[in-house]
1. Residues being charged (D, E, K, R) and over 22 Å from the mean Cα position of the chain (by Cα): count how many of those fall in segment 149-191.
2. From LYS38, LYS8, LYS72, grab the single residue that is assigned by TED's automatic domain parsing to the domain that holds ILE114, of a type in the set (Lys, Arg), surrounded by fewer than 20 Cβ atoms within 10 Å (Cβ to Cβ) and in contact with a helix residue (DSSP H, G or I) (Cβ under 8 Å, 6 or more places away or on another chain).
3. Quick one: which strands (runs of 3 or more DSSP E) sit completely within segment 7-108 and have at least 3 residues that are modelled with pLDDT of 95 or more?
4. With segment 170-278 as the region, which helices (runs of 4 or more DSSP H) entirely inside it contain at least 2 residues that are surrounded by 15 or more Cβ atoms within 10 Å (Cβ to Cβ) and among the basic types (Lys, Arg)?
5. Give the residues of segment 105-131 that are among the acidic types (Asp, Glu) and touching a helix residue (DSSP H, G or I) at 6+ places or on another chain (Cβ under 9 Å), sorted by residue number.
6. Among the numbered criteria (1) without any contact (Cβ under 8 Å) to a residue 24 or more places away in the chain; (2) closer than 30 Å to VAL111 by Cα; (3) among the basic types (Lys, Arg), which single criterion is violated by LYS134?
7. Check off (1) surrounded by 15 or more Cβ atoms within 10 Å (Cβ to Cβ); (2) part of a loop (DSSP other than H, G, I, E, B); (3) of a type in the set (Gly, Ala, Ser); (4) at pLDDT 90 or above for ALA282 and give me the number that stays unchecked.
8. I'd like to check something: does segment 23-34 contain any residue that is under 28 Å from PRO285 (Cβ atoms), in contact (Cβ under 8 Å) with a residue 24 or more places away in the chain, touching a His at 6+ places or on another chain (Cβ under 8 Å) and surrounded by 24 or more Cβ atoms within 10 Å (Cβ to Cβ)?
Amino acid sequence: MLKQKTLKDSFSLRGKGLHTGLDLTVTFNPAPDNHGYKIQRIDLEEQPIIDAVADNVIETTRGTVLAKNGVKVSTVEHGMAALYAAGIDNCLIQVNGPEFPILDGSAISYVEEIEKVGIVEQAAVKDFYIIKHKIEFKDEETGSSIMVLPDEDFSLNVLISYDSKIIPNQYATLDSMNDFSKEIAASRTFVFVREIEPLLSAGLIKGGDLDNAIVIYERQVSQEKLDALADVMKVPHKDANQLGYINHKPLVWDNEPARHKLLDIIGDLALIGKPIKGRIIATRPGHTINNKFARQMRKEIRKHEIQAPGYNCNEAPIMDVNRIRELLPHRYPFLLVDKIIEVGPNHIVGVKNVTVNEPFFQGHFPQEPVMPGVLLVEAMAQTGGLLVLNSVDEPERYSTYFMKIDGVKFRQKVVPGDTLIFKLELLAPIRRGISTMKGYVFVGETVACEAEFMAQIVKNK
């Protein structure tokens, strides 16, 4: 199983804030297992920490603004995108002001620094949320939509559309996060000339210039007005009849705006709190709908906090029933695991197909067959026994004996025709032959039963 990751060392980046114009420094630090992304305002007296999650987003006008107890941090999306794309799960970010520096308007500086300091693997297992059905969010007013479909990895398709002669429609795609650094990271934020004046009036782009944004002139204005904006932006005057891009640096890609929107989506969805496996299809995205979708995903995750493992009946098992019989002493009618489909150092996944011919249905109950709850617990215990045996050499020479069972909950009855998926995880490393485990029985996506186990592994006489 994939493990969580963090930075090998800290790195800092310095630059001006897009909105405030302040000279700012942001520092990215390693963090322990299960820490997640947290942002600390080190310029304030108590150095408060904000959890970088979608629920803490309070504003999405021209970037993503996080806040907690009145403390704000804005323009976080580019840094978040770089962390997420690099597969980093845990990071403490310290900033000495109310926003991250805008740098060149892209994520490339973050990516380069991450590559310099390196990434380390941690002990905890990476907790993916696997998309198993279509989830969609639409904004009828704007025509924006974001949809996620089941997929084996995380990928994105983005379509942007504007009432503009320069970028009426653009499309960008990213099939693998491995390509983020060379295909997406260097794409810069963009703004239309028609937006600059109201943004200036609102005091939202005090640090904006042609070094950190692409400016698009797509609707003709008077020469006088364009000259006045050029003076504000401190750039040479431009012929008002000539539409196009106003840049110090040429476009990196013809569809750079679409690629930047894709970058923003990654940064905003990093605030879901878990990496996901699914394909994102976004039409006319922006920070507002990105955040609404991220919040919806967080609700979805809370609803299915414990996810059933994936099961492909066409794949060969890790252990078939013959191998299980070699390791477990149980025999008919008490062998309750048909096969093992996944096993790691700290977890195991087993399967049982429940048929109407099971002998326990004769008395429980003949008219309405229900699998006894005690046998669900026993099936979990047998699966957990195989996990413990997997930790020793020559497992055939050992047996597992359960010492304690706690926290048993029955949530749904099991009936003929159900396929049971057992998932057991170690709660702590095995010490002196003693193990503690948490187990679940799934029917489809639903938890039918759960329990905690303590077991001892003993060498056979």
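The values are calculated or read from the model by the stated rules, or taken from the named source; none is laboratory data. Predicted model only: the values in this text are computed from it and were never measured. As a convention, Cβ positions derive from the backbone with ideal geometry for all residues, glycine included, and neighbour counts pool all protein chains shown.
1. The initial filter retains those residues of segment 149-191 that are charged (D, E, K, R), namely 151-153, 163, 165, 175, 179, 182-183, 188.
Applying the additional criterion that residues be over 22 Å from the mean Cα position of the chain (by Cα) yields 163, 165, 188.
Counting residues in segment 149-191 that are charged (D, E, K, R) and over 22 Å from the mean Cα position of the chain (by Cα) gives 3.
2. On the way: LYS38 fails: in contact with a helix residue (DSSP H, G or I) (Cβ under 8 Å, 6 or more places away or on another chain); LYS72 fails: in contact with a helix residue (DSSP H, G or I) (Cβ under 8 Å, 6 or more places away or on another chain).
So the residue among LYS38, LYS8, LYS72 that is assigned by TED's automatic domain parsing to the domain that holds ILE114, of a type in the set (Lys, Arg), surrounded by fewer than 20 Cβ atoms within 10 Å (Cβ to Cβ) and in contact with a helix residue (DSSP H, G or I) (Cβ under 8 Å, 6 or more places away or on another chain) is LYS8.
3. Numbers: elements: 11-16, 23-30, 37-41, 49-51, 57-59, 65-68, 71-73, 91-95.
Strands (runs of 3 or more DSSP E) meeting the threshold: 11-16, 23-30, 37-41, 49-51, 65-68, 71-73, 91-95.
4. Numbers: elements: 180-183, 193-201, 223-233, 256-269.
Once the helices (runs of 4 or more DSSP H) in segment 170-278 are filtered for at least 2 residues that are surrounded by 15 or more Cβ atoms within 10 Å (Cβ to Cβ) and among the basic types (Lys, Arg), what remains is 256-269.
5. Step one: list which residues in segment 105-131 are among the acidic types (Asp, Glu), which gives 112-113, 115, 121, 127.
Passing the criteria: GLU112, GLU113, GLU115.
6. Going through (1) without any contact (Cβ under 8 Å) to a residue 24 or more places away in the chain; (2) closer than 30 Å to VAL111 by Cα; (3) among the basic types (Lys, Arg) one by one, LYS134 breaks only (2).
7. With (1) surrounded by 15 or more Cβ atoms within 10 Å (Cβ to Cβ); (2) part of a loop (DSSP other than H, G, I, E, B); (3) of a type in the set (Gly, Ala, Ser); (4) at pLDDT 90 or above applied to ALA282, the lone miss is (2).
8. As a first pass, look at segment 23-34 and keep what is under 28 Å from PRO285 (Cβ atoms): 24, 26, 28.
Right, trim to in contact (Cβ under 8 Å) with a residue 24 or more places away in the chain and you get 24, 26, 28.
From what's left, touching a His at 6+ places or on another chain (Cβ under 8 Å): none.
Looking through segment 23-34, none of the residues is under 28 Å from PRO285 (Cβ atoms), in contact (Cβ under 8 Å) with a residue 24 or more places away in the chain, touching a His at 6+ places or on another chain (Cβ under 8 Å) and surrounded by 24 or more Cβ atoms within 10 Å (Cβ to Cβ).
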